[in-house]
Ligand code: NAP
């Protein structure tokens with residue numbers, strides 16, 4: 001286990017922000033972590049567990065330990081006639097996992113194709129796209145409490161999943177390291193065509209497979225979303241917004257074209273991308289920080305933007321959306 005000092009995190013966050021970690025450690029397995037917590041320096045320092053770095057914005061250098069678990073194990077339990085259970089190490093690349101399950105013909109993860117990051121990060125913000133959320137396939141999550149080194153197993157309920165939320169992003173934020181995730185996928189299942197771009201892509205819905213959905217999702221994402229390998233970004237920077245009935249009526253009377261979706265819980269989802277676009281931010285650029293030209297929910301780093309510059313831009317966007325619509329946007333990425 002190698003501990004490196006003043007280590008650049010630029011290649012470890014998809015925003016491509018330059019920031020230094022006082023100490024950087026890559027862990028091959030959970031046992032390595034047990035060795036790390038025995039170090040005096042580790043106990044005294046601030047700690048930041050890192051996954052694929054695809055949902056964080058580094059606001060400055062990190063004066064403490066940044067550590068990443070590389071465990072790429074994959075255990076398949078195929079004994080059930082209807083379902084397959086797979087337990088996947090935290091460091092397994094998310095899209096490689098989706099590709100593998102789709103090639104096996106298993107149902108459940110196909111709508112979540114093309115999302116950057118590693119498997120250990122997927123429960124943290126309950127990743128979601130095209131009408132699917134990963135919570136619907138998660139059986140349990142194994143992790144370690146950073147302070148004590150004790151293991152925990154949370155079943156789906158204990159993860160307390162919500163829209164881009166979980167216990168790992170709330171009470172346990174920065175306090176645990178996710179070791180592995182167990183998923184239940186269906187051997188024969190139903191495809192999720194609830195989102196119109198997906199449904200519209202298939203005139204003939206007979207004989208569709210998870211592989212067809214994956215292919216379509218990858219195409220749609222490529223058209224709209226910037227590839228972090230080419231241009232720094234962390235996917236959706238803001239969450240979608242939710243309003244009550246009274247507020248919705250007010251918005252529709254002022255902006256008849258406003259899109260909305262019934263959350264079936266008394267609230268209505270308003271795509272935040274629409275609100276940002278209406279305030280004129282789509283494609284905006286200041287220095288190397290900007291709003292993506294095809295999807296205004298995504299903030300981008302054209303090269304050398306700092307975390308502070310992106311935070312400054314986000315604050316301006318939040319203020320202008322609030323002024324125009326009376327809706328306060330919430331940030332989805334974790335700011336460190
Ligand atoms: P889109 O399909 O053009 O839809 C625009 C917005 O409307 C999305 O935010 C989506 O909400 C919502 N929406 C569309 N159809 C819906 C339905 N049938 N029921 C409820 N809500 C509906 O969106 P897009 O920008 O191309 O994104 C497609 C998908 O990729 C979305 O699910 C989006 O969340 C996901 N995505 C995720 C990230 C990320 O970083 N996590 C980044 C970009 C896009 P939802 O966002 O709640 O699904």
- Note on the structure: Ordered by fewest other Cβ atoms within 10 Å, a rough proxy for footprinting exposure, 1, 50 read 1, 50
- Note on the structure: Over all directions, region 194-336 yields a Cα convex hull whose mean projected area in nm² is 10.5 nm²
- Query: Where is the GNM fluctuation largest for the chain (alpha-carbon springs, 10 angstrom cutoff): 107, 255, 195?
  - Reply: 255
- Task: Note down the relative contact order for region 129-171 as a percent, whole number, built from C-alpha pairs under 8 angstrom at least six residues apart.
- Result: 27 percent
- Message: Sort 22, 328, 285 by Cβ crowding within 10 Å, fewest neighbours at the top.
- Response: 328, 285, 22
- In deg cm²/dmol and to the nearest 500, what is the mean residue ellipticity at 222 nm of the chain if only DSSP H runs of at least 4 residues count, each as -39500 (n - 2.57), divided by the residue total? -7000 deg cm²/dmol
- Query: Tell me, how many Å apart are the Cα centres for region 52-69 and for region 248-281?
  - Reply: 34 Å
- Item | Rel. contact order, % - alpha carbon contacts under 8 angstrom, at least six apart, region 139-296 | 14 percent
- Message: For the chain, what does the relative contact order come out to in percent, with C-alpha contacts under 8 Å and a separation of six or more?
- Response: 17 percent
- Can you give the Kirkwood hydrodynamic radius of region 13-96 from its Cα pairs, in Å with one decimal? 14.8 Å
- Distance between Cα centroids, region 157-173 to region 73-130: provide it in whole Å. 19 Å
- Query: How much of the calculated P(r) for region 1-62 lies past 15 Å, in percent of all Cα pairs?
  - Reply: 52 percent
- Item | Diffusion constant of the chain at 37 °C, which comes from Stokes-Einstein with the Kirkwood Cα-pair radius and 0.692 mPa s, µm²/s | 155 µm²/s
- In region 216-282, what is the volume of the convex hull around the alpha carbon atoms, normalised per residue and reported in Å³? 119 Å³
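Taken together, the values in this text are just the output of simple stated rules run on the coordinates, not laboratory data. Computed from a predicted model, the values in this text were never measured in an experiment. A quick note on method: Cβ atoms are made from the backbone with ideal geometry, for glycine too, and the neighbour counts reach across all protein chains shown.
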